1. Are there any GluC sites (Glu not before Pro) in region A:43-94 that are in a DSSP loop and have at most 15 other Cβ atoms within 10 Å? List them by number.
2. Roughly speaking, what % of Cα-Cα pairs in the protein assembly as shown are separated by over 34 Å, rounded to a whole number?
3. Tell me, what is the percent relative contact order of chain B, built from C-alpha pairs under 8 Å that lie six or more residues apart?
4. So, R0 is 45 Å and r is the distance between the beta-carbons of B:Ala38 and A:Ile121; what FRET efficiency does that work out to, to 0.05?
5. Over the Cα atoms of region B:148-196, what radius of gyration and what Dmax do you get, in Å?
6. Taking only C-alpha pairs under 8 Å that are 6+ residues apart, what is the relative contact order of chain A in percent?
7. As a test of the definition: which semi-axes, in Å, follow for chain A when you take the square root of five times each eigenvalue of its alpha carbon gyration tensor? Largest first, please.
8. Given labels modelled 7 Å from the Cα in the Cβ direction, how far is it in nm from A:Asn55 to A:Glu201?
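Every number here is computed from the coordinates shown, using simple stated rules; none is lab data. These numbers come from a predicted model, not from an experiment. Virtual Cβ from ideal backbone geometry, glycine too; neighbours counted across all protein chains shown.
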Amino acid sequence: MTLYRSVGMYFYHLFVIARKDFLLEIRSKDVILPVFMFSFLVVVTFNFALEATPNTVNLIVPGILWVSMLFGSMVGFNRVFLSELELGAFQGLLTSPIGRDVIFLGKVLSNLMFLVVIEAILVPVLIILFNITLSPLDMICVSLPALLGLSLSGTLFAAISMNMRAKEVMLPILFLPAVVPIILGSVESTYLIMTEASLHESLKWIILMIIFDVVYCVVGAVGFTMIIED
Amino acid sequence: MNSLLEVENLTKSYGRNRVIDNLYLSLSSGEIVIIRGANGSGKTTLLSIISSLVSSDSGRVKILGNDLKLNPHICRSELAFVAHQPFLYSQLTVRENLEFSARLHSLKDINSKVLNKTSLIGLSDRLDSKIATLSHGFIKRVAIARALLHDPKILLFDEPESGLDRESLQLFEEIITGELAKERSILMTTHSPQIPYQGDVRNLRITKGMLVDDPL
């Protein structure tokens, strides 16, 4: 009963932090708007730069989608701690009786929420521009572990670089190599769900992403706690 | 008297600069301690260590008998820190900020607690104002309301008089008097010779990282 209550409280605090970030995002539009604009422009630029034919469209669209999400999310991760730093609100979080890991995972949850919203707008844009067909259910199965991986590693590296003077440079240097397995998995599995009839073919890539999500989750929660304690 | 806060053999250095050096401090229930010291003497660092914002190099902090490093959650639930920064979100309203803090402390009956504390601190008519639209003095009041929300046993104030006008200082003194009557303890730092409280206090001075009695 005690365990149930404490697990329940753990998730309650995660949602309290995510809810606060959502409220702040509605007011400030610090993250979703710039990330969407950036990702949208990348998609449009690729649309003009690459001559997609019926034979090549399945090869290039997965790359365009995940490259635009990757670079767009980087713009967002540079801004996720802005509101926390403004009036020392982050220190307020640190003095409250919740674990540092709860703060980290709460921020991960809110960043995941933002990325889901952006992809939910971006995918229909891709479908219209490149005239492709995608099963929504398959796309959700591929996108959730991919976006979770981006959110976990992006939040950790955003926290590491938030007090650095050159954070705009540091974040990509740390973030890009770390998410290579996620990008590889997401591009391959998106290609497979576009070309193969079933999700089964892309399952090994989805499992790979889930394994990396678990690793990022543990390393992220421990790493975040260590960074904050120092 | 029961000791609510015990600091033993505390040490903290920034690079080669030892800011806190084998510092001892004890704070009893219903007691107010005021620490004075020059800029850079370690006043804020001491409060930051007690509130677990900064980790010490060595030594021990015990809050209501709980070791801060072993039971940080219990310790943090028993204290509140009003620092130079208000620890608030500028894009949220006073109510939203206080509700957020109350949820982090797992409080029940949040609405009535928020109304009670904002009324105590003269913020009832500003509940739905965004923090970004408030003056420095009102932001400080919100920070104090946020600190009082979960009824902490220990209140830490870092130079609370800065930025407050005469009316706010008077209100602040009333709040301190009220909180001390509830068997709470207050640890306050200042470098002002005049403090916004006229009752019985224990005056200390921090020099070379150590606390000594300050006869004023």
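1. Details: sites: A:Glu51, A:Glu84, A:Glu86; in loops: A:Glu51.
For GluC sites (Glu not before Pro) across region A:43-94 that sit outside H, G, I, E and B with at most 15 neighbouring Cβ atoms in 10 Å, the list reads A:Glu51.
2. Values: 41178 of 99235 pairs.
Value for the protein assembly as shown: 41 percent of Cα pairs lie more than 34 Å apart.
3. On the way: 396 pairs, mean separation 65.9, N = 216.
That works out to 30 percent.
4. Working: r = 56 Å, r/R0 = 1.24.
The pair B:Ala38/A:Ile121 has a calculated efficiency of 0.20.
5. Both quantities, over Cα of region B:148-196: 10.9, 31 Å.
6. Once normalised by length, the contact order is 26 percent.
7. Numbers: eigenvalues 205, 79, 48 Å².
Largest first, chain A gives 32, 20, 15 Å.
8. With each label point 7 Å from Cα toward Cβ, the separation is 1.8 nm.
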